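Take a look at the structure set out below.
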Amino acid sequence: MNKSLGVYSERSATIYVGDAAGTLKTLDAGSARTCVTSPPYWGLRDYGQEGQLGAEDSPEAFIYNLCLVFDEVWRVLADDGTCWVNIGDSYGKTARGDVKVKDLVGIPWMFAFAMRARGWYLRQDIIWAKTNPMPESVTDRCTKSHEYIFLFSKQPSYYYDHEAIKEPAVAQNHHDATGTSYHAPGQSQQTGNRDKATSGPFLRNKRSVWTVNVAAYKDAHFATYPTKLITPCVLSGSAPGDTVLDPFSGSGTTGEVALLNDRNYVGIELNPDYAALSEKRISVAVGMLGNVTVR
């Protein structure tokens, strides 16, 4: 079953209700330019759906099942496509295999290495630094305030628009240990000083630590990643008119960002209630721009 959402700037969004791996098998090969997604955590939440990911008895079983989904993502992606995966970690609450109670499981890196072993190029680990993380009543470790986003590609060369996500540069001189000044265009070059730029703004290549506040979506009772976090993934991983894929659609954050940036969207969601939430969210977001048809 699928629900086709209307069109903004002749762009479309489609949400399929079903399990990710099985539904992906029905999609055309090479039909998406990029995948931006966040899989379920392992061992933290029961989504109340038969066949749900995250309820496996061991981290290894979870990673294996997750990789089966991304095997199909590989097929659906264009040859120059990319895959951006925000994935969280968890602590052992019971002893399972090699995981002891209170162990940090290491799910993100287990997943990253498993993906690499299956042929993906592991291009980057991006740190999502949260200034407002969930509070934790722990006294024997630091409060966790970050997650990972991994960038994968199918080929060593791939579509990546670095210009689309450049960020403001520090418009000051910097000096090495010898006192040599490195300065931006428009700045004076002086030894031993840090002069402000006389014009700007200057842009630099985006760094790998992204500081983004956690932003709850009022209609969702589960964790969602903020639109600001994944906008750089969509903008750099695709061009206007391309299709963005999310096999774990959830509340439809990826779909909202895709359509608002003139991309198409294909989402997959196991839970029909969440699929309805995605439909509502994307429709409202696009409807704010005054041009949406719900089919």
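The values are calculated or read from the model by the stated rules, or taken from the named source; none is laboratory data. If you're wondering where the values come from, they're calculated on a predicted model, not measured in any experiment. Note that each Cβ is placed from the backbone with ideal geometry, even for glycine, and that neighbours are counted across all protein chains shown.
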> So which residues in the stretch 253-274 are within 15 Å of the chain's Cα centre (by Cα) and assigned to a helix (DSSP H, G or I)?
Replying inline: Thr253, Thr254, Gly255, Glu256, Val257, Ala258
>> So Leu151 passes all but one of these: (1) surrounded by fewer than 19 Cβ atoms within 10 Å (Cβ to Cβ); (2) among the hydrophobic types (A, V, I, L, M, F, W, C); (3) touching a strand residue (DSSP E or B) at 6+ places or on another chain (Cβ under 7 Å). Which condition number does it fail?
In response: (1)
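Of a type in the set (A, V, I, L, M, F, W, C), at pLDDT below 90 and either closer than 22 Å to Ala112 by Cβ or surrounded by fewer than 17 Cβ atoms within 10 Å (Cβ to Cβ) (or both), is that true of Leu68? Quick ask: steps written out before the conclusion?
Details: of a type in the set (A, V, I, L, M, F, W, C): yes; at pLDDT below 90: no; either closer than 22 Å to Ala112 by Cβ or surrounded by fewer than 17 Cβ atoms within 10 Å (Cβ to Cβ) (or both): yes.
It is false that Leu68 is of a type in the set (A, V, I, L, M, F, W, C), at pLDDT below 90 and either closer than 22 Å to Ala112 by Cβ or surrounded by fewer than 17 Cβ atoms within 10 Å (Cβ to Cβ) (or both).
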> In the stretch 73-85, which residue that is touching a residue at least 60 places away in the same chain (Cβ under 8 Å) and assigned to a helix (DSSP H, G or I) is surrounded by the fewest Cβ atoms within 10 Å (Cβ to Cβ)?
Replying inline: Trp74
> Any idea which residue in the stretch 81-99 is farthest from the chain's Cα centre (by Cα), counting only those that are over 14 Å from Asp246 (Cβ atoms) and of a type in the set (S, T, N, Q)?
Replying inline: Thr94
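Please verify whether Leu259 is in the same structural domain as Val76 (by TED's automatic domain parsing), at pLDDT 95 or above and surrounded by 20 or more Cβ atoms within 10 Å (Cβ to Cβ), treating the condition exactly as stated.
Numbers: in the same structural domain as Val76 (by TED's automatic domain parsing): yes; at pLDDT 95 or above: no; surrounded by 20 or more Cβ atoms within 10 Å (Cβ to Cβ): yes.
No: the conditions fail for Leu259.
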> In this structure, is Ile107 closer than 20 Å to Ser236 by Cα and in contact (Cβ under 8 Å) with a residue 24 or more places away in the chain?
Replying inline: no
> Of all residues in the stretch 220-265, which are under 14 Å from Cys83 (Cβ atoms) and not charged (D, E, K, R)?
Replying inline: Ile230, Cys233, Val234, Ser236, Gly237, Ser238, Thr243, Val244, Leu245, Pro247, Phe248, Thr254
